[in-house]
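Nothing in this text is a laboratory measurement; each read-out follows from the coordinates by a stated rule. Please read these numbers as outputs of a predicted model, since none were measured by experiment. Every residue, glycine as well, gets a Cβ built from its backbone with ideal geometry; the counts of neighbours run over all protein chains shown.
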Amino acid sequence: MEQQRRKTRQELRSEETKSSIRDAAGRLFTARGYDAVTMREIAKEAGCSHTTIYLYFKDKEALLEQLALPPLMVLEETMQAVMNRPELSSTEALKEVSRQFLRFCLSHKSMVTIILNVKSVRVDEANPDADINRRRNRIFGCFTQILNRVIRPASDEEKINYTRIYYYMLHGMVTTYTENEEPLEQLLARILPLLDQAIDILLLGMQAKLEQRG
């Protein structure tokens with residue numbers, strides 16, 4: 001029994017150390033950028049030795065995965081749930097997916113670049129090596145799928161390119177408001193109507209372009 005209690009305490013200390021390392025990595029990646037930070041610096045920030053850190057994470061990419069993958073999984077599940085709601089029209093589903101994406105990004109202001117962009121690959125890469133990039137590309141694929149329901153581009157290249165344009169609009173809104181200090185709900189109440197209007201305008205332009213191509 002005493003041995004079991006000692007093991008439990010050891011496991012708790014291990015989880016605390018692992019959590020401290022993750023938190024330290026997040027702070028340093030956010031403040032200085034992923035590429036500029038070393039494992040030794042993360043260990044120092046976390047209050048452990050530079051050898052201890054490798055007991056938990058083999059390298060920075062493993063740390064990045066620990067930081068980015070859980071929120072990416074939540075985002076993808078949220079988007080898929082919206083897309084599967086039968087009562088929503090295609091346009092309504094696109095708007096709601098976009099609102100949820102904006103909410104997610106502004107809920108993770110300090111980490112959004114790490115979650116979505118660090119060590120990312122092309123969105124049209126079919127099977128990236130890293131799990132986080134497979135997840136990122138599936139999220140982009142959600143936008144491609146739902147946008148295709150609305151404007152129906154003819155070719156795969158058009159589908160990707162129109163989704164890129166749409167994503168640039170969303171990413172621009174995220175970038176604009178990441179430094180905003182308003183409470184999240186207050187900020188969203190102010191900018192979600194603008195997002196809806198931007199979507200309407202962008203869809204009109206895309207549909208007009210496709211019709212013009214004829």
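Quick one: helix 131-151 against the long Cα principal axis of the chain, what's the angle to the nearest 10°, folded into 0 to 90? Value to nearest ten degrees: 20.
For segment 111-214, the list of trypsin sites (Lys or Arg not before Pro) that fall in a loop by DSSP and count at most 15 other C-beta atoms within 10 angstrom reads 122. Under the combined filter of DSSP loop state and at most 15 neighbouring Cβ atoms within 10 Å, segment 58-111 retains these trypsin sites (Lys or Arg not before Pro): 58. Cross-link partners for residue 119 among the aspartates and glutamates, with Cα-Cα distance under 13 Å and sequence neighbours closer than 8 places in the same chain left out: 35, 61, 65, 129, 131. Axis angle, to the nearest 10 degrees, between helix 156-177 and the longest C-alpha principal axis of the chain: 60 degrees. For the chain, the relative contact order is 19 percent, taking Cα pairs closer than 8 Å that sit 6 or more residues apart in sequence and dividing their mean separation by the residue count.
Projecting the Cα atoms of 210, 191, 79 onto the dipole axis of segment 68-213, where Lys and Arg carry +1 and Asp and Glu carry -1 at the beta carbon, places 210 farthest toward the positive end. Against the chain, whose longest principal axis comes from its Cα atoms, helix 90-107 is set at around 30 degrees. With coordinates expressed along the principal axes, the C-alpha atoms belonging to the chain extend over 73, 39, 39 Å, beginning with the largest. Extending 7 Å from the Cα toward the beta-carbon at both residue 156 and residue 168 defines two label points whose distance is 2.3 nm. Loop-located chymotrypsin sites (Phe, Trp or Tyr not before Pro) in segment 110-214 (DSSP state other than H, G, I, E, B) with a sparse environment of at most 14 neighbouring Cβ atoms within 10 Å are absent.
Select from 105, 48, 142 the residue whose mean-square fluctuation is largest in a Gaussian network model of the chain (Cα-Cα springs shorter than 10 Å). Per the Cα network of the chain with a 10 Å cutoff, 48 tops the list. Across the options 111, 100, 52, the greatest Cα extent toward the positive end of the charge dipole of the chain (unit charges at beta carbon of Lys, Arg, Asp, Glu) belongs to 52. Spin-label model, residue 210 to residue 149: label points 7 Å out along the Cα-to-beta-carbon direction sit 1.4 nm apart.
Only Lys, Arg, Asp and Glu carry charge here, each on its Cβ (+1 for the first two, -1 for the last two); on that basis the chain has a dipole of about 480 debye about its Cα centre. Restricting the calculation to Cα atoms, every distinct pair contributes to the Kirkwood radius of segment 1-115, found to be 16.5 Å.
Rounded to the nearest 20, the Cβ-based charge dipole of segment 2-58 about its Cα centre (Lys and Arg +1, Asp and Glu -1) stands at 180 debye. Of the Cα atoms belonging to segment 2-58, the radius of gyration and Dmax stand at 13.1, 45 Å.
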